[in-house]
Amino acid sequence: MSNLFANQAPLLRTKTAPAAAALIASAGIIYGLVLCCINSLETFAVSFLAVLLAAILALWTFVRMAVKENDRGLLVTGAACMTAIIIVTVMPEGLPASFHVYRSFVAAALIIGLCVATLCSAVYRLLGSTPVAFDNSRYPILILPIVIALISYGMILFVLCLNGLPQISWQLISTPYDPANAALRGILNDILGTFMLMLLTSIISLPVGVGAGIYMSEYGGRIAGIIRFSTMLLRAMPVVVLGLAAYGVARMAYDTAWQGILAPDPTIMIGRGTFLLASAFLSLLVIPVITRATEEGLRSLPRDLREGSLAVGATEGYTLLHVLLPWSLPNILTGLLLGCAEVAGNVTVIVLLCGFGNYGVTPFTEATSLAHFIYKVMFADRSFRMSMGNYVYAVSVILLIITLGLTIVYLVLRNKFAERYRAH
Amino acid sequence: MPATVEIKHLSVSYNGTNVVKDVSFEMPAGKVTAIIGPSGCGKTTLLRSINRLSELTKNCRVQGEIMVDGENVLKMDTVLLRRKVGMVFQQPNPFPKSIKENVLYGIKAAKIKTDHSDIVKSSLQKAVLWEELEHRLNESALNLSIGQQQRLCVARSLAITPEVILMDEPASALDPVSTLKLEESIQSMKGDVTLVIVTHNMQQAKRVADYTAFIYRGELIECNETEKIFANPDRSETRDYLEGKFS
């Protein structure tokens, strides 16, 4: 039998044309990204596309001459490039005044797409046209979305820090807000309140969530089905409904035995709730996350480990405490972190409950949080906006720092637990 | 105190499929009994019914009687049963804890008050592991080699002084040297505990077992002294299997 690969074209040796094409394509990707921000650069779109077309055709000719291979992919890219030139040329600037914005976005999208395609082909040729080179040359497709995402994150961070960092002062974060005293205009209670909400919500949702997770993975059956259904329902529920329900509970608590526990002092506006009430409702969002995480963790336990414990005469309960739970600790932690991030950022559930943070931070005082601060500045009290309105960016930066710190603590803990209990 | 294990008319089915069919034989106290047979013949299922781990599988039905020390296993409390009948699995499955905690796991689970260091020492000695690990007791068991892990599992099941230890192809994941050490520990346990070993390695059965049972397609073909089975089996199927003529 003759060798099937005997007649395969020899590998490309010279690399000038692919290198040039790769350079032009890379430049084009950067140009396209910048074009999204600076619309006027659109003037050069057609001429750039013409250069790109030339590069594509040159690469195609080069491949054709050097290794007698008709690279159809390049031809298709070239045809698409030509179409793009036509589209960008004939697309009207139009009647609406902002229409050229749309045209520049269309041009940017076309340029980025075509450049990524060209870059793939060029890198493939650069790497020597081998099968492995083909796989490796597709990385631009994977990397581009990551680059775009990173640039977006970078821009968000930049805007927040640019506006927020100069406002952060020791006075701001170390004093509580007091409407009566102009000297006390800090956000201490909002910061502490955010931590209080996270703490109380964790205390409420951990036992419930972990318990439900254990039940679902260990016992199954109809009740587990009901639990699973209701946790899914909780996640799917419009959160603002929870917010309204929380407000309703706070109102009903007045003049009952629950006042002081769920609703703060009645001299404050009716409908305000305590940290405890806010956390109870927030935990409705967190419990499903922890439940699901616990269940997944328990399900990933190797059967051997559980049987090994039972086989030396340990009870189910002992096995649960000493084998199953340590094993799923990293998962539970993940659920808890996601829950705390939710609590730190959530406004909708507590939007009607929170006050201004001038009554101190205990489980039974009026709730407040950093996320709610931003809402208050934008929509609530006018005098509050006048005095504190400058600090919204500072608050966002602090919120970011808190979540960042939380994530770092989580990663360290998770790795530690995973190493200790799972290193199989 | 080693106990006799008597199996009487045992049938096990999963989802209505009979895996073990009307098997009856006896494993004498303090001796090593090997159960041999091709893959999927039901020998592991048979073994797992003795400490009732088979019940963890859904839709498993066990009929008949298994007597350990004159008591019917199927009517016992499973936790009390498993304190009498230990098990070593095919893959080493030490807990992600220290070596010492692994050995003491059963003791602590049973809340027995006793001298822990004595138990650790004697269990590891019987598992031929004490000399290697004497100074590493607080290290994680997961750092051990596969062979050491398996012998640690033997020590773990020995620590609660069971009457019977079941071994489900204990050497199938081990290299020849570790296998020999494991067999050495089996020899050192002989007499103190009744051993039941499922294996598809016939040479191993020949080396360690006093009695051998041959199971094929869920049925007991023959059970006799090992020497007799290997030298002069009663049934032609056994001879064919031992000589590798089986398909």
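Rounded to the nearest 500, the 222 nm mean residue ellipticity of the protein assembly as shown from helices alone is -18500 deg cm²/dmol, with -39,500 (n - 2.57) taken per DSSP H run of at least 4 residues.
The alpha-carbon positions of region A:171-422 define a convex hull whose volume is 134 Å³ per residue.
Taken over region B:5-242, the ratio of Cα radius of gyration to 2.2 N^0.38 Å equals 1.00.
Taking the empirical scaling 2.2 N^0.38 Å for compact globular proteins as reference, region A:128-181 has a Cα radius of gyration ratio of 2.30. Convex hull volume per residue, computed on the Cα atoms of region A:249-332, equals 113 Å³. In the protein assembly as shown, the DSSP beta bridges split such that about 60 percent are antiparallel, to the nearest 5. Ordering B:TRP130, A:TRP327 by the number of other Cβ atoms within 10 Å of each residue's own Cβ, fewest first, gives B:TRP130, A:TRP327.
For region A:16-162, the Cα gyration tensor yields ellipsoid semi-axes of 29, 21, 10 Å (square root of five times each eigenvalue, largest first, whole Å). Straight-line cross-link reach from B:LYS126 at under 25 Å between alpha-carbon atoms covers these lysines, not counting any fewer than eight positions away in the same chain: B:LYS31, B:LYS84, B:LYS97, B:LYS100, B:LYS108, B:LYS111, B:LYS113, B:LYS181, B:LYS190, B:LYS206.
Seen from B:ALA34, the other residues with C-beta closer than 15 Å to its C-beta sum to a net charge of -2, counting Lys and Arg as +1 and Asp and Glu as -1. One way to sum up the overall shape of chain A is the equivalent ellipsoid from its Cα gyration tensor, whose semi-axes run 54, 35, 18 Å, largest first. Counting neighbouring Cβ atoms within 10 Å and putting the fewest first, the residues A:SER328, A:SER137, A:SER230, A:SER383 line up as A:SER383, A:SER230, A:SER137, A:SER328. Think of each Lys and Arg Cβ as +1 and each Asp and Glu Cβ as -1; about the Cα centre, that makes the dipole of the protein assembly as shown roughly 1100 debye.
Per-residue shielding of A:313-325, expressed as the average number of other chain Cβ atoms within 10 Å of the residue Cβ, stands at 4. Taking a cut-off of 14 Å, what percent of all Cα-Cα pairs in region B:149-215 are separated by more than that? Value for region B:149-215: 56 percent of Cα pairs lie more than 14 Å apart.
Between the helical axis of A:188-218 and the longest alpha-carbon principal axis of chain A there is an angle of about 80 degrees.
Note on B:79-89: average number of Cβ atoms from other chains within 10 Å of each residue's Cβ is 3.
Across peptide A:298-310, the mean count of Cβ atoms from other chains lying within 10 Å of each residue's own Cβ comes to 4. Working from label points 7 Å from Cα in the Cα-to-Cβ sense, the A:THR89 to B:ARG136 distance is 7.6 nm. Annotation for region A:37-67 versus region B:70-85: alpha-carbon center distance of 80 Å. The residues neighbouring B:ALA3, those whose beta-carbon lies less than 11 Å from its own, together hold a net charge of -3 under the Lys/Arg +1, Asp/Glu -1 convention. The residues A:THR43, A:THR294, A:THR319, when put in order of fewest to most other Cβ atoms within 10 Å, stand as A:THR43, A:THR319, A:THR294.
Karplus-based coupling profile of region B:223-228, in residue order and whole Hz: 9, 7, 4, 4, 4, 5, with θ = phi - 60° in 6.51 cos²θ - 1.76 cosθ + 1.60 and x standing for Gly or Pro.
Since every read-out is calculated from the coordinates, none of them should be taken as a lab result. It should be emphasised that the depicted structure is a prediction, and the values quoted were computed from it without experimental measurement. Cβ coordinates were reconstructed from backbone atoms using ideal geometry, including for glycine residues, and neighbour counts include every protein chain displayed.
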